[in-house]
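Read the structure below first, then the notes.
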C-alpha cells in the first residue's frame, strides 16, 4: 500500500475575487440608497433655512414700519444700516443672493 504524502496547506494572502466582488456590490447598493437621501436632506434644509430667513426679515420689516411710519427700501438697505435689526447683517439666501421686498412688503 502506498503511503500518501500529507497535503501542505498554504496560508492564503489577500482576498479572492469573489469576496472582493461581494464587497463592491454591497457598497454599491448602500450608495444607491444613501446618496438620494443626502441630496433630499440638503434641499429640505435649504428650503427650511430660506423660510426662516424670510420670516425674520418680514418681522423686522413690520417692526421698522411701526417704529418709523414708512416701509424700508425694497433692497433692505435701511434695515441693513441699522444694527438694532440685524447686528450680523441681513441673512443671505441659502443658494446665494440677497433678499428684497415685493410690492406687498414681504421678503422674497
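The values are calculated or read from the model by the stated rules, or taken from the named source; none is laboratory data. Computed from a predicted structure; not experimentally measured. No Cβ is skipped: glycine too gets one built from the backbone with ideal geometry, and neighbour counts run over all protein chains shown.
Applying the set (1) assigned to a helix (DSSP H, G or I); (2) modelled with pLDDT under 90; (3) in contact with a strand residue (DSSP E or B) (Cβ under 9 Å, 6 or more places away or on another chain) to residue 43 leaves exactly one unmet item: (3).
Filtering 16, 70 for residues that are modelled with pLDDT of 85 or more, in contact with a helix residue (DSSP H, G or I) (Cβ under 9 Å, 6 or more places away or on another chain) and exposed (fewer than 12 other Cβ atoms within 10 Å of the Cβ) leaves a single hit, 70. Residue count for the range 78-100, restricted to those that are surrounded by 12 or more Cβ atoms within 10 Å (Cβ to Cβ) and not in a loop (DSSP other than H, G, I, E, B): 3. All of (1) touching a residue at least 12 places away in the same chain (Cβ under 8 Å); (2) more than 26 Å from the chain's Cα centre (by Cα); (3) loosely packed, with under 15 Cβ neighbours inside 10 Å hold for residue 103 with one exception: (1).
Contact map, the range 22-48: first residue under 23 Å from residue 93 (Cα atoms), second residue modelled with pLDDT of 85 or more and surrounded by 10 or more Cβ atoms within 10 Å (Cβ to Cβ), Cβ cut-off under 6 Å, separation 6 or more or different chains; pairs are 46/94.
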